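Colleague: Just dropping this structure here.
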Amino acid sequence: MNKTQFSKFVEYLLKNNNVIAPQYNVEAKLIIAELKKTSDFYMGTELPLDSWKWFLLPPKQKMFDYKGEKMTEALPSVKKQIFLGVSILDMQALTLLNQIFEQDPYYQEIKKNTIIIGTSHMPKDNFSEYFAKFEENKLEHLQFDIFLAVQNGGYKIYTGSEDGQRFLDNFKYKDYKHVEYAGPIREEGLDLQMVSVMDGMQNFHDQKIWDDLGKRCISCGKCTIACPTCFCFRMFDKSHLEQGSGERNRCWDSCFYNEFTQVAGVAPSAPKHRLMATTAQKIYFWYEHHFVRTPGTYSLPGCVECGRCTRACPADIDIFQTQRDILAARNKKKEK
Ligand code: SF4
Ligand code: SF4
(Lines give C-alpha, C1' and ligand atoms only; values in the text may rest on other atoms or scores of the structure.)
(Ligands and ions follow the chains in the order given, each with its own letter.)
Protein backbone atom coordinates (compact mmCIF):
# COMPACT_ATOMS: atom_id res chain seq x y z
CA MET A 1 0.00 0.00 0.00
CA ASN A 2 1.58 3.25 -1.00
CA LYS A 3 1.33 6.43 1.07
CA THR A 4 -1.55 7.90 -0.96
CA GLN A 5 -3.58 4.71 -0.64
CA PHE A 6 -2.77 4.62 3.04
CA SER A 7 -4.09 8.17 3.58
CA LYS A 8 -7.30 7.14 1.83
CA PHE A 9 -7.48 4.08 4.06
CA VAL A 10 -7.19 6.26 7.19
CA GLU A 11 -9.94 8.53 5.80
CA TYR A 12 -12.06 5.46 5.18
CA LEU A 13 -11.52 4.28 8.76
CA LEU A 14 -12.40 7.70 10.13
CA LYS A 15 -15.73 7.83 8.29
CA ASN A 16 -17.54 5.28 10.44
CA ASN A 17 -15.30 4.53 13.38
CA ASN A 18 -13.85 5.82 16.59
CA VAL A 19 -10.16 5.83 15.69
CA ILE A 20 -7.58 6.18 18.48
CA ALA A 21 -4.12 7.09 17.25
CA PRO A 22 -0.83 8.80 18.13
CA GLN A 23 -0.88 12.53 17.38
CA TYR A 24 0.69 15.74 18.67
CA ASN A 25 -1.41 17.91 20.98
CA VAL A 26 -1.30 21.71 21.13
CA GLU A 27 1.71 21.53 23.45
CA ALA A 28 3.60 19.52 20.81
CA LYS A 29 3.46 16.45 23.02
CA LEU A 30 2.88 13.08 21.36
CA ILE A 31 -0.27 11.56 22.83
CA ILE A 32 -2.70 8.77 22.03
CA ALA A 33 -6.20 10.16 21.53
CA GLU A 34 -9.24 10.07 19.30
CA LEU A 35 -8.22 11.01 15.76
CA LYS A 36 -10.31 13.73 14.17
CA LYS A 37 -8.56 14.11 10.83
CA THR A 38 -6.11 12.09 8.76
CA SER A 39 -3.44 14.79 8.71
CA ASP A 40 -3.18 14.71 12.54
CA PHE A 41 -2.10 11.05 12.54
CA TYR A 42 1.51 10.53 13.59
CA MET A 43 3.16 7.50 12.05
CA GLY A 44 6.82 7.25 13.04
CA THR A 45 9.40 5.86 15.38
CA GLU A 46 8.64 7.99 18.47
CA LEU A 47 6.52 6.32 21.15
CA PRO A 48 3.91 8.34 23.05
CA LEU A 49 4.59 8.33 26.80
CA ASP A 50 1.09 7.03 27.48
CA SER A 51 0.26 3.60 26.27
CA TRP A 52 -2.79 1.93 24.77
CA LYS A 53 -3.76 0.38 28.11
CA TRP A 54 -5.63 3.61 28.88
CA PHE A 55 -8.23 2.49 26.32
CA LEU A 56 -8.34 -1.24 27.11
CA LEU A 57 -7.92 -1.16 30.86
CA PRO A 58 -9.26 2.25 31.84
CA PRO A 59 -7.86 3.85 35.03
CA LYS A 60 -11.27 3.49 36.71
CA GLN A 61 -14.03 1.01 35.96
CA LYS A 62 -17.31 0.16 37.65
CA MET A 63 -17.59 -3.60 38.25
CA PHE A 64 -21.06 -4.10 39.65
CA ASP A 65 -23.97 -2.48 41.46
CA TYR A 66 -25.42 -4.06 44.56
CA LYS A 67 -28.71 -3.73 46.34
CA GLY A 68 -29.20 -5.91 49.37
CA GLU A 69 -28.10 -9.40 48.34
CA LYS A 70 -28.48 -8.70 44.62
CA MET A 71 -25.50 -7.85 42.46
CA THR A 72 -25.74 -6.60 38.87
CA GLU A 73 -22.60 -6.77 36.77
CA ALA A 74 -21.78 -3.44 35.10
CA LEU A 75 -19.98 -4.41 31.91
CA PRO A 76 -18.53 -1.38 30.13
CA SER A 77 -20.58 -0.11 27.22
CA VAL A 78 -18.05 0.44 24.46
CA LYS A 79 -18.28 1.76 20.95
CA LYS A 80 -16.20 -0.10 18.40
CA GLN A 81 -12.73 1.47 18.50
CA ILE A 82 -9.75 1.18 16.21
CA PHE A 83 -6.22 1.46 17.60
CA LEU A 84 -4.28 2.82 14.64
CA GLY A 85 -0.47 2.83 14.60
CA VAL A 86 0.32 0.47 17.47
CA SER A 87 4.08 -0.14 17.51
CA ILE A 88 5.25 -3.74 17.51
CA LEU A 89 6.45 -3.26 21.11
CA ASP A 90 2.99 -2.19 22.18
CA MET A 91 1.47 -5.09 20.26
CA GLN A 92 3.66 -7.32 22.41
CA ALA A 93 2.38 -5.55 25.55
CA LEU A 94 -1.24 -5.90 24.43
CA THR A 95 -0.72 -9.59 23.67
CA LEU A 96 0.55 -10.04 27.24
CA LEU A 97 -2.40 -8.12 28.73
CA ASN A 98 -4.74 -10.31 26.66
CA GLN A 99 -3.28 -13.36 28.42
CA ILE A 100 -3.40 -11.82 31.88
CA PHE A 101 -6.99 -10.62 31.49
CA GLU A 102 -8.19 -13.65 29.54
CA GLN A 103 -10.87 -14.39 32.14
CA ASP A 104 -11.71 -10.78 32.96
CA PRO A 105 -15.15 -9.88 31.53
CA TYR A 106 -14.57 -6.11 31.75
CA TYR A 107 -11.34 -6.25 29.77
CA GLN A 108 -12.75 -8.76 27.30
CA GLU A 109 -15.84 -6.62 26.63
CA ILE A 110 -13.60 -3.74 25.53
CA LYS A 111 -11.17 -5.99 23.67
CA LYS A 112 -13.87 -7.57 21.53
CA ASN A 113 -14.85 -4.09 20.37
CA THR A 114 -11.29 -3.09 19.53
CA ILE A 115 -9.47 -3.43 16.22
CA ILE A 116 -5.68 -3.30 16.38
CA ILE A 117 -3.74 -1.88 13.46
CA GLY A 118 -0.05 -2.28 14.21
CA THR A 119 3.10 -1.02 12.54
CA SER A 120 6.71 -2.10 12.42
CA HIS A 121 7.82 1.43 13.35
CA MET A 122 9.68 1.49 16.63
CA PRO A 123 12.18 3.67 18.44
CA LYS A 124 15.76 3.00 17.42
CA ASP A 125 17.59 2.88 20.76
CA ASN A 126 17.84 0.48 23.63
CA PHE A 127 16.28 -2.64 22.24
CA SER A 128 17.21 -6.20 22.77
CA GLU A 129 17.73 -8.43 19.80
CA TYR A 130 14.16 -9.64 19.74
CA PHE A 131 12.80 -6.20 18.98
CA ALA A 132 15.73 -4.93 16.97
CA LYS A 133 14.12 -5.58 13.62
CA PHE A 134 10.81 -6.65 12.23
CA GLU A 135 10.59 -10.21 10.95
CA GLU A 136 7.51 -11.79 9.54
CA ASN A 137 7.53 -14.78 11.93
CA LYS A 138 7.10 -12.47 14.93
CA LEU A 139 3.60 -11.66 13.75
CA GLU A 140 2.22 -15.15 14.27
CA HIS A 141 2.73 -14.69 18.02
CA LEU A 142 1.07 -11.29 18.27
CA GLN A 143 -2.63 -10.51 18.42
CA PHE A 144 -3.63 -7.90 15.87
CA ASP A 145 -6.11 -7.32 13.06
CA ILE A 146 -4.02 -5.48 10.47
CA PHE A 147 -0.27 -4.91 10.41
CA LEU A 148 1.65 -2.39 8.34
CA ALA A 149 5.23 -3.45 7.73
CA VAL A 150 7.17 -0.38 6.71
CA GLN A 151 8.93 -0.77 3.38
CA ASN A 152 10.22 1.57 0.70
CA GLY A 153 7.75 4.40 0.42
CA GLY A 154 4.78 2.45 1.79
CA TYR A 155 3.60 -0.59 3.69
CA LYS A 156 3.38 -4.30 3.17
CA ILE A 157 0.02 -5.33 4.59
CA TYR A 158 -0.73 -8.34 6.78
CA THR A 159 -3.97 -9.38 8.40
CA GLY A 160 -4.22 -11.27 11.66
CA SER A 161 -7.98 -11.74 11.95
CA GLU A 162 -11.17 -11.97 9.92
CA ASP A 163 -12.13 -8.51 11.15
CA GLY A 164 -8.91 -7.17 9.66
CA GLN A 165 -9.61 -8.90 6.36
CA ARG A 166 -13.15 -7.53 6.33
CA PHE A 167 -11.91 -3.95 6.74
CA LEU A 168 -9.51 -4.32 3.84
CA ASP A 169 -12.04 -6.14 1.64
CA ASN A 170 -14.61 -3.41 2.24
CA PHE A 171 -11.97 -0.84 1.35
CA LYS A 172 -11.39 -2.97 -1.80
CA TYR A 173 -7.73 -3.59 -1.04
CA LYS A 174 -6.66 -7.11 -1.90
CA ASP A 175 -2.87 -7.10 -1.70
CA TYR A 176 -2.43 -8.50 1.79
CA LYS A 177 -1.12 -11.64 3.35
CA HIS A 178 -2.91 -13.41 6.18
CA VAL A 179 -0.98 -14.56 9.26
CA GLU A 180 -2.55 -17.23 11.42
CA TYR A 181 -2.13 -16.61 15.16
CA ALA A 182 -0.03 -19.42 16.67
CA GLY A 183 -0.37 -18.42 20.35
CA PRO A 184 1.71 -15.89 22.25
CA ILE A 185 4.76 -18.03 23.00
CA ARG A 186 7.60 -18.14 20.50
CA GLU A 187 9.22 -21.51 19.82
CA GLU A 188 12.63 -20.11 20.75
CA GLY A 189 11.27 -18.81 24.10
CA LEU A 190 12.30 -15.54 25.71
CA ASP A 191 15.19 -13.61 24.22
CA LEU A 192 18.54 -14.43 25.75
CA GLN A 193 19.08 -11.12 27.45
CA MET A 194 15.77 -11.42 29.28
CA VAL A 195 16.61 -14.95 30.39
CA SER A 196 19.94 -13.67 31.74
CA VAL A 197 18.28 -10.83 33.68
CA MET A 198 15.81 -13.33 35.14
CA ASP A 199 18.67 -15.61 36.12
CA GLY A 200 20.58 -12.65 37.61
CA MET A 201 17.63 -11.66 39.78
CA GLN A 202 16.80 -15.18 40.88
CA ASN A 203 20.22 -16.69 41.41
CA PHE A 204 22.78 -13.88 41.75
CA HIS A 205 21.01 -11.35 43.95
CA ASP A 206 23.05 -8.21 44.63
CA GLN A 207 21.40 -6.18 47.39
CA LYS A 208 23.55 -3.12 46.66
CA ILE A 209 21.72 -2.52 43.36
CA TRP A 210 18.39 -2.34 45.16
CA ASP A 211 19.66 -0.34 48.12
CA ASP A 212 21.12 2.27 45.73
CA LEU A 213 17.91 2.46 43.70
CA GLY A 214 15.91 2.60 46.93
CA LYS A 215 17.82 5.74 47.93
CA ARG A 216 16.97 7.47 44.63
CA CYS A 217 13.39 6.33 44.01
CA ILE A 218 10.73 8.63 45.48
CA SER A 219 7.91 6.06 45.16
CA CYS A 220 5.87 8.34 42.93
CA GLY A 221 4.48 5.45 40.87
CA LYS A 222 4.90 7.28 37.53
CA CYS A 223 6.72 4.28 36.05
CA THR A 224 3.74 2.04 36.77
CA ILE A 225 1.35 4.47 35.09
CA ALA A 226 3.56 4.79 32.00
CA CYS A 227 4.36 1.08 31.69
CA PRO A 228 2.20 -0.69 29.07
CA THR A 229 2.45 -4.00 30.96
CA CYS A 230 1.74 -2.76 34.52
CA PHE A 231 -1.83 -3.66 35.36
CA CYS A 232 -2.28 -3.79 39.15
CA PHE A 233 -5.52 -2.37 40.44
CA ARG A 234 -7.37 -2.02 43.72
CA MET A 235 -11.05 -2.10 44.42
CA PHE A 236 -13.19 0.45 46.24
CA ASP A 237 -16.87 0.66 47.09
CA LYS A 238 -19.20 3.62 46.89
CA SER A 239 -22.39 3.53 48.95
CA HIS A 240 -25.60 4.97 47.57
CA LEU A 241 -28.05 6.81 49.79
CA GLU A 242 -30.65 4.07 49.58
CA GLN A 243 -29.95 1.60 52.37
CA GLY A 244 -27.98 -1.52 51.41
CA SER A 245 -27.09 -0.26 47.93
CA GLY A 246 -23.93 0.85 46.23
CA GLU A 247 -21.34 -0.06 43.65
CA ARG A 248 -17.93 -1.67 43.45
CA ASN A 249 -15.24 -0.10 41.29
CA ARG A 250 -11.64 -0.78 40.47
CA CYS A 251 -8.87 1.64 39.66
CA TRP A 252 -5.20 1.46 38.78
CA ASP A 253 -2.84 1.02 41.68
CA SER A 254 0.93 1.03 42.05
CA CYS A 255 3.22 -1.25 44.03
CA PHE A 256 5.15 1.89 44.97
CA TYR A 257 2.27 3.21 47.08
CA ASN A 258 2.36 2.38 50.79
CA GLU A 259 -1.27 1.22 50.81
CA PHE A 260 -0.55 -1.36 48.08
CA THR A 261 0.75 -4.00 50.48
CA GLN A 262 -1.01 -2.84 53.60
CA VAL A 263 -2.57 -5.76 55.46
CA ALA A 264 -4.98 -6.02 58.34
CA GLY A 265 -2.90 -8.15 60.65
CA VAL A 266 0.69 -8.00 61.79
CA ALA A 267 2.92 -8.54 58.77
CA PRO A 268 6.24 -10.25 59.37
CA SER A 269 9.01 -7.73 60.01
CA ALA A 270 7.12 -4.85 58.41
CA PRO A 271 6.13 -1.79 60.39
CA LYS A 272 2.60 -0.45 60.08
CA HIS A 273 1.25 -3.72 58.70
CA ARG A 274 2.91 -3.42 55.32
CA LEU A 275 4.49 -6.31 53.48
CA MET A 276 7.05 -4.03 51.82
CA ALA A 277 8.58 -1.65 54.32
CA THR A 278 11.36 0.01 52.33
CA THR A 279 11.65 1.65 48.94
CA ALA A 280 14.42 -0.80 48.06
CA GLN A 281 11.94 -3.64 48.61
CA LYS A 282 9.32 -1.90 46.48
CA ILE A 283 11.60 -1.29 43.52
CA TYR A 284 12.92 -4.85 43.70
CA PHE A 285 9.33 -6.13 43.74
CA TRP A 286 8.55 -4.04 40.62
CA TYR A 287 11.53 -5.41 38.70
CA GLU A 288 10.81 -8.90 39.95
CA HIS A 289 7.28 -8.59 38.56
CA HIS A 290 8.57 -7.70 35.08
CA PHE A 291 11.62 -9.94 34.85
CA VAL A 292 10.81 -12.96 37.02
CA ARG A 293 7.16 -13.44 37.90
CA THR A 294 5.57 -12.55 34.54
CA PRO A 295 7.96 -14.62 32.39
CA GLY A 296 7.70 -17.41 34.98
CA THR A 297 3.90 -17.38 34.85
CA TYR A 298 3.18 -16.62 31.19
CA SER A 299 6.44 -17.53 29.43
CA LEU A 300 6.34 -14.02 27.96
CA PRO A 301 8.55 -11.04 28.69
CA GLY A 302 7.02 -8.81 31.35
CA CYS A 303 8.95 -5.89 29.89
CA VAL A 304 8.71 -4.96 26.21
CA GLU A 305 11.63 -2.53 26.51
CA CYS A 306 9.69 0.52 25.46
CA GLY A 307 11.65 2.76 27.85
CA ARG A 308 8.55 4.63 29.04
CA CYS A 309 9.36 4.03 32.74
CA THR A 310 12.77 5.64 32.24
CA ARG A 311 11.26 8.64 30.45
CA ALA A 312 8.65 9.08 33.19
CA CYS A 313 10.98 8.71 36.17
CA PRO A 314 11.75 11.98 37.99
CA ALA A 315 14.73 10.29 39.67
CA ASP A 316 16.36 9.35 36.35
CA ILE A 317 16.22 5.64 37.10
CA ASP A 318 17.07 3.93 33.84
CA ILE A 319 15.69 0.43 33.42
CA PHE A 320 18.30 -0.42 30.80
CA GLN A 321 21.12 0.61 33.17
CA THR A 322 19.55 -1.51 35.95
CA GLN A 323 19.46 -4.48 33.59
CA ARG A 324 23.13 -3.92 32.81
CA ASP A 325 23.89 -3.73 36.55
CA ILE A 326 22.01 -6.99 37.19
CA LEU A 327 23.94 -8.68 34.36
CA ALA A 328 27.28 -7.30 35.56
CA ALA A 329 26.64 -8.57 39.12
CA ARG A 330 25.62 -11.94 37.69
CA ASN A 331 28.75 -12.22 35.59
CA LYS A 332 30.97 -11.19 38.50
CA LYS A 333 29.43 -13.76 40.85
CA LYS A 334 29.58 -16.46 38.18
CA GLU A 335 33.29 -15.86 37.66
CA LYS A 336 34.03 -16.44 41.36
S1 SF4 B 1 10.70 -0.53 29.56
FE2 SF4 B 1 9.69 0.08 31.48
S3 SF4 B 1 7.71 0.91 30.79
FE4 SF4 B 1 8.49 -0.30 29.08
S5 SF4 B 1 7.61 -2.34 29.37
FE6 SF4 B 1 9.62 -2.34 30.39
S7 SF4 B 1 9.16 -1.87 32.51
FE8 SF4 B 1 7.37 -1.26 31.32
S1 SF4 C 1 9.06 6.69 38.44
FE2 SF4 C 1 11.12 6.49 39.32
S3 SF4 C 1 10.98 7.56 41.29
FE4 SF4 C 1 8.85 7.15 40.63
S5 SF4 C 1 8.34 5.16 41.57
FE6 SF4 C 1 9.15 4.70 39.53
S7 SF4 C 1 11.35 4.31 39.85
FE8 SF4 C 1 10.59 5.36 41.68
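Colleague: So for the pair L241, S299, with labels modelled 7 Å out along Cα→Cβ, what separation do we get in nm?
Modeller: 5.6
Colleague: Let's test the formula: R0 of 30 Å, r as the Cβ-Cβ distance of A264 and Q99. What FRET efficiency results, to the nearest 0.05?
Modeller: Details: r = 31 Å, r/R0 = 1.04.
Result of the calculation: an efficiency of 0.45.
Colleague: Which stretch or stretches of segment 296-336 have amide N atoms under 13 Å from the point lying 7 Å from R216's Cα along the Cα→Cβ direction?
Modeller: Only 310-326 pass the distance filter.
Colleague: Something else now. Would you kindly state how much longer the chain becomes between E140 and Q108 on full extension, computed as 0.36 nm times their sequence separation minus their alpha carbon distance, in nm to one decimal?
Modeller: Separation in residues times 0.36 nm, less the Cα-Cα distance, equals 9.4 nm.
Colleague: Name the shape class, rounded, prolate or oblate, that the alpha-carbon gyration tensor gives for segment 174-321, where a ≥ b ≥ c are the square roots of its eigenvalues, rounded holds for a/c under 1.5, and otherwise prolate holds if a/b is larger than b/c and oblate otherwise.
Modeller: Values: a/c = 1.98, a/b = 1.19, b/c = 1.67.
Because a/c hits 1.5 or more and a/b fails to exceed b/c, segment 174-321 counts as oblate.
Colleague: Continuing with this model, one more query. How high is the FRET efficiency between H205 and D318 when r is their beta carbon distance and R₀ equals 25 Å, given to the nearest 0.05?
Modeller: 0.80
Colleague: Sort segment 287-336 into rounded, prolate or oblate with this rule: let a ≥ b ≥ c be the square roots of the eigenvalues of the Cα gyration tensor; rounded if a/c is under 1.5, and if a/c is not under 1.5, prolate when a/b is larger than b/c, oblate otherwise.
Modeller: On the way: a/c = 2.80, a/b = 1.15, b/c = 2.44.
Judged from the Cα gyration tensor, segment 287-336 comes out oblate (a/c at least 1.5, b/c at or above a/b).
Colleague: Let me ask something additional. Pull out the extension gain between E11 and I185, defined as 0.36 nm times the separation in residues minus the alpha carbon to alpha carbon distance; nm, one decimal. Each step should come with its number before you reach the end.
Modeller: Details: separation 174, 0.36 × 174 = 62.64 nm, distance 3.49 nm.
Gain on stretching E11 to I185: 59.2 nm.
Colleague: Now for a separate question. Could you let me know the centre-to-centre spacing of segment 216-264 and segment 32-58, using Cα atoms, in angstrom?
Modeller: If we compute the Cα centre of each part, the gap is 25 Å.
Colleague: Does the chain come out rounded, prolate or oblate by the C-alpha gyration tensor, with a ≥ b ≥ c the root eigenvalues, rounded set by a/c under 1.5 and, if not, prolate when a/b is larger than b/c and oblate if not?
Modeller: Details: a/c = 1.97, a/b = 1.22, b/c = 1.62.
Taking the square roots of the gyration eigenvalues as a ≥ b ≥ c, the chain is oblate.
Colleague: Translational diffusion coefficient, Stokes-Einstein: compute it for segment 3-178 using the Kirkwood radius over C-alpha pairs as Rh, at 37 °C and 0.692 mPa s, and state it as an integer in µm² s⁻¹.
Modeller: Values: Rh = 17.3 Å.
Rounded, D is 190 µm²/s.
Colleague: Filter K111/K282; K8/K60; K8/K29; K53/K332; K8/K222; K67/K222 down to the pairs with a C-alpha to C-alpha distance above 29 Å, please. Could the numbers behind the result be given before it?
Modeller: Numbers: K111/K282 31 Å; K8/K60 35 Å; K8/K29 26 Å; K53/K332 38 Å; K8/K222 38 Å; K67/K222 36 Å.
Listed pairs above 29 Å: K111/K282; K8/K60; K53/K332; K8/K222; K67/K222.
Colleague: What helices does the chain have that are whole DSSP H segments, at least 15 Å long along their own axis by Cα, and with mean Kyte-Doolittle hydropathy of -1.0 or more?
Modeller: On the way: long enough: 3-16 (21 Å, -0.54); 88-100 (18 Å, 1.02); 192-203 (16 Å, 0.22); 319-335 (24 Å, -1.16).
Length and hydropathy pass: 3-16, 88-100, 192-203.
Colleague: Right, another one. Can you pull the percent of segment 3-178's accessible area that's carbon plus sulfur, 1.4 Å probe, other chains left in place?
Modeller: Working: 4130 of 8650 Å².
For segment 3-178, the apolar C and S fraction of the accessible surface comes to 48 percent.
Colleague: Among DSSP beta bridges whose residues both lie in the chain, state the antiparallel percentage, nearest 5.
Modeller: 65
Colleague: Still on this structure: Under the 0.36 nm per residue contour assumption, what length would be gained going from the current alpha-carbon distance of Y42 and Y66 to full extension?
Modeller: On the way: separation 24, 0.36 × 24 = 8.64 nm, distance 4.36 nm.
Separation in residues times 0.36 nm, less the Cα-Cα distance, equals 4.3 nm.
The values are calculated or read from the model by the stated rules, or taken from the named source; none is laboratory data. Remember, predicted model here, so these are calculated numbers, not experimental data. Glycine gets a Cβ as well: all are built from the backbone with ideal geometry, and neighbour counts include every protein chain shown. To get the accessible areas, we keep the full protein, side chains included, count just its heavy atoms, and leave off ligands, DNA and RNA. Shrake-Rupley method; radii C 1.70, N 1.55, O 1.52, S 1.80 Å.
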